[in-house]
Every structure is written in structure tokens, then in C-alpha cells.
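All remarks here apply to the structure that follows.
The values are calculated or read from the model by the stated rules, or taken from the named source; none is laboratory data. This structure is a prediction, so every number in the text was calculated from the model and none was measured. A quick note on method: Cβ atoms are made from the backbone with ideal geometry, for glycine too, and the neighbour counts reach across all protein chains shown. To get the accessible areas, we keep the full protein, side chains included, count just its heavy atoms, and leave off ligands, DNA and RNA. Shrake-Rupley method; radii C 1.70, N 1.55, O 1.52, S 1.80 Å.
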Amino acid sequence: MRNSAVGWLGHPLTVIAVVVLLLNDHLFKALWPGPVTGKLSDFAGLIVAPPLLNLLIRRPRVSILLTGAAFTLVKTTAVGAVLASEAWTLVWGPSRVLADPTDLIALPALYAAWWTWNRPGARAVRLARAAVLIPVTVLAVAATGAADIFRPYSAYAVDVVDGMIVVSTRGGSSMGPPATNFASSDGGNSWSSWAVPVPSLPRTSACVPDQPDRCYRIVPDRLKVEESRNGRWVTAWEISPSGQDRLTRAHATKFPEDTEAVASLGIAIQKFSGGYVVVVANGADGIALRDTAGAWRRLGWAEDGFDYSNAVSLSAQGRVEDSVPMAALLAALAAGLVTLGCGVRRFGFAAAALTLWAGVWLFYTGVNTPILFDPYAVLLAVVLVPVGGISTMVSAVRGGIRIRAWAISTATAAVAYYAVMMPFSAWSAGWLGYYSLASGLSIVLGIAVTSAGVLAVIKLNTRRPAPPLQPHADDPDQ
């Protein structure tokens, strides 16, 4: 059994490394993003990868050497990063692996892999442990480094080139065609893709040809354009701050790093016989166009450029993030568990409640990924939810929790859910001006409801039972 490939995978240290990969990629990185959690997966992966590779080639030394060489190639060369990205894409969908020489600090973890090979555990324990861990280990290693690299489209600059208005864009999938430019020769009425030079820097102001005193400029971080009149700048076109906030939410992305600005970024003016047109690049929202008659309109994204009918309506219901209902559910679950815990007052209940909550959270993150679902997050959740749920119930029963406390905690959870959701519903209907205000109100209301439930349970537990009736002084049985 010293040379058992399956036994190597079932070594306790390998098991710990697999658990670290699962928790770090799906919990710790979200809670504490940074270099520590970033490198932790590299250390754990270098412990797990050699025994996994050894299942195929049955050469421990070669497995360790190949793992180290491949890791070094990927982290130090652009070619290695590209090859790794292509490999993960074939196995796990669109992925991106970045070269980062600082990750080589994890290479000493290969010694730990060698150490586990030379110090096998008990035969029966190894085989049983490995039989369960093989599929989980494959998923844990395969999911590390996978990422959706699609970026939303954004109009970031505009210019007049060869008698055409040219809007420069960026975004899209790196696996698809590169972002293109869109040109119009009829004042923005029709658009088509066109291979033209891209401006080196977006213009923030422009003047009407042959009218140097008639100029326009964008206002930074706003969907707003000003024009010069009688020596002073006045508003020519704008979207209110609350309207801009709604448009920002309408163009929100799943990952914050993929977010594109919803603001005026560039401007250009083209002269026509009947006047002039002004085109403004508005980031993820598309463009704004002033026609020769002086009317301003927003143009949204279309297959061949931009179109008026595709602009996001400011009167439509605001787009609330898809994660808000689940966040409200998690908050409600936490509110109910905290309220009930104030009645139980046991450390075991707190640990069980945290396990249950973490399992529900992992299940949600596992079924809401860019690539269908994350199987090993769901697998871990399937274990944590029943364990945490049963332990919570047992601990509460042993703590002698009252029926009224159960009722209060259940009511607290239900009210907390609607308290968290209500501000977002109000914002979506246009009753609140800003999404951040809705977020703040939901937090305040959730805390208020939870506090009310906690106080009610504490007050219930501090009530003392009525003292027994004292016998009367004339009672002959006294």
C-alpha cells in the first residue's frame, strides 16, 4: 500500500488540502479578498494536483515534477497562461488564467505532496477516504482559475473621421470577435461597423466647425452636456442623478470588475448643410445624439450600432439585482436563528446555526454561477444544510426553548424578509430616488426587525413564573 496511487489521494493532508480549496474558493475569497486567500489556493492546489495526476501516470516523482513545471510555466510566461486558459476553457467553459510570478512562492507545497506519498496512512482508511474524494478532488482542482471573461459593451470615445461620425467601443467576449467601431454618414440615423482609426484619447469638448464660440463639453461622471452661450456654460442635455442611478443599475454586471461606466465619456460634432449634430459616448448606456433640429435623444445598443428604440426607458421599473431576494432570504434566516439563539443561549446552537446558514449560502452560490452550477459547492451544501439543520433543532430542544420563542423567531424571520425587500421594491417603482438609499434602508429595517425579535425573546425568558399560592393562616392543614 506504500505505492498506492489511490491511497496517496486519501492521505489526511491531501484531504485537508481539498477542504481548503473548497472553502477558500467559495467562502474565504468572498469574505476576505486579497493576496492571502489568493495564494492559499495555490498552496492547496500544489498538494492536491500531484496525487490526482498520479492516478493517470502512476509515477509519483514524475507527477510532482510535471506539476511544478506546469505551474511555473503558467505563472511566468504569457504562452503558458494562454495554454492554461485554453485547457480550462475546453474542460470548464470560458476561462482566463493570468501569469503571476509571485505565485511561485507556493512551490514549496510540492514538498508536502512528496511527504504525503512517503508517509501513507492506514490501508482501510486511505481507500475509503480516497474513494469518496476522487470526484470531489477533480472538481476542486478543475474549478480553480475558471472565470467568465465577458465584459459589457461600452462606448468610450467619438470622433469625426473622413466625413463620418465614428464611435469607438470596447467589451464583449475574448473568445469572440473583438470590439469594433461604428460609423454613421447620415447624422446618426443609421450605423454600421467600420475599420477606422480609434482616437488615442476621448475628447471631452468640441466646437461647431466655423463657429468657435459655439462649443459643447461633457460633465465628468455625469450623463450631462453643457454648451457655451453668451460666454457662460449652460446645460444642453442631462439625465438627472436619480435617473443615472437607475440606468447604472440597468447595466449592472454580475462581477464588479466587469462594470462599465454609465456616464458621458467623449463628445464630437459634425457639420451638415442644415446645421450640425452632436454625438456623446455614454459608456454602457450607448450614445446620446443631438440632431440638426436641436433635439436630444438617447440611442441604445443594436446589432449593427445604435438605435433609438433600444435605449433603456427611464420610466420602466428599476432593475433590482438578481441576488437581492436571496440576500433577503439569508438575512431572514440569520434573523430567525439569532432570535432563537437568544432563547437557547448555548454555544452548540450557535455553531449549528452558523453551519446551517453557511450551507444555505453555499447552495445559493453553487447554483448561481456563470457556468450552469458549481457542483462541489452544491455538494458541500448538501452536507452542511442537513447537519446544521438537525443540530440546530436538537440543540434548541435540549435547551428547553419555549413554544412562544419558536413563534417569535419564525415571525421575526418572515418580517425581516419583507423588511429587507420593501425598500428595493419602492426604488424599483420610482418612490425612492437612489439604489444606495434602498440598500441602506433595507439594512436598517432588517436590523430593527431582528432587534425587536431578540428583545421579545429575552423578555420572554426573563419572566419568572408566578409564585405558588401561600396557604392561609386559618387553614387547618397548615
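Here are a few things to note about the model shown:
- Efficiency of FRET between L55 and R346 - r from beta-carbon atoms, R0 35 angstrom, step 0.05: 0.20
- Each peptide in 153-163, 202-212 was scored by the mean count of other Cβ atoms within 10 Å over its residues; highest first, the order is 153-163, 202-212.
- FRET efficiency, 1/(1 + (r/R0)^6) with R0 41 Å, evaluated for Y418 and T235 via beta carbons: 0.50
- Taken along its three principal axes, the alpha carbon spread of segment 257-395 comes to 82, 31, 22 Å, from the longest extent down to the shortest.
- Additional length obtainable on full extension of the chain from I105 to V397, 0.36 nm per residue less Cα span: 100.2 nm
- Accessible surface comparison of R345, R151, probe 1.4 Å, protein chains only, largest first: the order is R345, R151.
- Going by accessible surface with a 1.4 Å probe and the largest first, Y216, Y364 read Y364, Y216.
- Modelled label reach - R404, point 7 Å along Cα→Cβ, segment 332-354 residues with backbone N closer than 14 Å: 343
- FRET efficiency, Y153 to A411 (Cβ-Cβ, R0 60 Å, nearest 0.05): 0.80
- Net charge of neighbours whose Cβ lies under 12 Å from the Cβ of Q244, counting Lys and Arg as +1 and Asp and Glu as -1: +1
- Inter-label distance for V383 and D322, nm, one decimal - labels placed 7 Å from Cα along Cα-to-Cβ: 2.8
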